[in-house]
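Structure first, then comments.
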Amino acid sequence: MKIKLRYVLTIAFTIVAVVPLMFLGFWVERTALNKEIDAVWEKHLLLADHTAALLERYAHNLENAFEYFTSLKDDAVLEGASLLVVKQLGIRHFCIVDNNARIVRDIRAEPAGTPGFNMAILKTLMPLVHNRIAYSPVMAGPAGEPTIYMVRRIGKNRIALAAIKTEYLVRLQQAIAFGQRGHAAIVDQKGNVIAHPNDGWRRSMKNIADVEPVKRMLAKERGVVRFYSPAMHMEMISGYTTVAQTGWGVMVPQPMDELVAKAYDVKRIALIIAAFGIVAAAFLSWIFAKRLTQPIEAVQMTAQRIAAGKLHSRVPPLSRLAASDLTELADDFNDMANRIQSDQKALATALSRAQRADQAKTRFLANMSHELRTPLNAIIGFSETIENQLFGPAGNQRYVDYASDIRQSGQHLLSIINYILDLSKIEGDNITIEDDVVDVGALVRSVHTMLKRAAEDGHVTLSVDMRNHLPRVRGSEVKLKQILVNLVSNAVKYTPANGTVVISARQEPGGGIAISVRDTGIGMSKADQTTALLPFGRVENEMSARVNGAGLGLPLAKRFVEVHGGQLEIESERGAGTTVTVHLPAGRTIAEVA
């Protein structure tokens with residue numbers, strides 16, 4: 001099914017416009033989630049770093065307050081501005097004990113009667129005591145509340161301790177919220193929860209060291225990771241880092257499904273834009289294709305009318321919106337139509353003249369055949385009489401030799417005239433054949449007998465190869481014999497001494513008859529074969545100077561074969577001999593009656 005150019009151009013233009021849109025949509029669909037992840041990757045890590053920086057500043061303030069308490073000389077209950085600062089930092093109790101765990105100084109930021117340090121807590125903290133401030137993991141205070149302790153050795157005999165409430169860390173964690181369920185979490189150096197949206201985990205100080213970002217924080221790493229959250233029961237992505245002073249870890253997780261939802265929204269918008277772009281591209285492509293093809297369709301319609309015989313048809317004036325190239329095309333087509341109409345008249349006149357000239361040529365050749373053959377036959381007859389000395393001795397052998405030369409020249413000239421007459425009849429489609437019943441085997445043997453003497457004179461062995469009985473064929477016996485004589489004569493002429501020429505005939509699988517002439521002569525190239533099949537075409541080779549001929553034998557043989565509905569095939573190579581095969585169609589084979 002053929003498609004109009006307008007539709008082809010519309011489809012092509014639409015595809016050209018749609019492919020980038022589809023590529024863009026595919027790229028957005030593939031990269032939307034990755035872009036969301038990349039954005040979160042940077043944002044979450046930055047948020048974790050900022051939170052860690054606040055915790056470092058908080059720890060620095062705690063340590064300053066710790067040093068201040070250490071410098072006090074007497075027990076006291078803090079009042080005024082100092083009490084306000086301490087409460088903001090979350091310090092609830094400070095004391096100094098000796099090596100026997102006896103309290104030497106006791107400073108409280110809370111009312112008297114509030115539980116202080118006990119022996120169990122002191123024993124737990126003793127392994128952390130060094131000459132620098134150390135922070136304990138979050139642990140249960142005297143009243144069971146989550147508490148972090150600061151410890152440091154003072155001199156050789158004393159230890160300073162401070163109890164820190166976690167309210168500030170909880171408020172800091174609660175202040176960080178984004179998306180629908182994005183949050184922060186703070187853990188201690190053992191992976192115990194200090195601040196977390198799950199308040200039960202905070203109060204119980206749940207250990208979540210097995211959670212992937214916590215593992216990495218405990219290893220002092222910093223980065224972003226995707227992991228499964230046991231608290232949220234879903235996959236999440238989190239930035240994480242650590243606070244160098246305290247060993248605390250900060251993680252800022254967000255559920256992955258929130259990122260997927262954002263990516264889906266981006267994909268949906270991209271698909272809507274792509275769909276709109278496809279519709280717009282198709283509409284614009286149709287308009288553009290219509291503008292391009294209207295002039296071409298006008299030219300096409302005019303060409304069809306001219307082909308139908310309406311030679312006066314012309315392309316009508318095109319729209320001013322038509323492209324200049326197409327306007328020029330229409331103008332050139334009209335000019336061409338004008339020239340064609342003019343040339344048609346000239347061709348008709350020339351054809352009439354050519355037909356009259358061909359008729360004159362035919363009459364001339366017919367007259368010349370009579371005018372030339374009559375004297376040539378007389379010349380040949382008289383020269384034979386002198387050559388054979390029918391009326392007595394010539395008196396001198398040289399006269400006899402001259403008569404022989406005259407006869408041979410006359411016969412050669414007569415054969416050329418006959419060839420020319422046959423060729424002119426074939427070219428004018430004036431040749432006709434009358435079908436005879438031809439015995440192929442007898443025909444081959446007859447030609448072999450006719451040319452055997454000429455082959456012997458050239459020291460060439462001429463033989464026949466027919467192994468099977470062949471059916472008879474319908475055709476002109478005279479023309480078939482002339483074909484075979486021409487082929488064998490050429491083979492003998494162009495085969496050097498001591499060479500061989502073999503005439504063979506066989507019935508082909510399809511029922512046709514194949515007659516071949518194979519020689520061991522000088523052979524021909526592909527270009528030589530083309531030349532040899534042209535009228536008067538002579539192939540220049542090492543034997544052409546010694547071989548007489550007008551170059552008409554092979555072309556005539558080919559034409560006679562074609563008149564019989566057959567084909568002439570040449571197989572030859574330089575220095576490897578030539579095989580010429582005449583293929584007569586199966587329709588000319590006469591079936592034998594059993």
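Every number here is computed from the coordinates shown, using simple stated rules; none is lab data. Because the structure is predicted, anything quoted here is derived from the model rather than measured. Glycine gets a Cβ as well: all are built from the backbone with ideal geometry, and neighbour counts include every protein chain shown.
Think of the range 433-588 as a dipole: +1 on every Lys or Arg Cβ, -1 on every Asp or Glu Cβ, centred on the Cα centre; then among 555, 458, 568, 458 lies furthest on the positive end.
Determine, for 226, 472, 453, the number of other Cβ atoms within 10 Å of each Cβ, and report the residues in order from fewest to most.
Numbers: 226 14, 472 19, 453 9.
Ordered from fewest to most neighbouring Cβ atoms within 10 Å, 226, 472, 453 come out as 453, 226, 472.
Ordering 35, 165, 452 from the fewest to the most neighbouring beta carbons within 10 Å gives 35, 452, 165.
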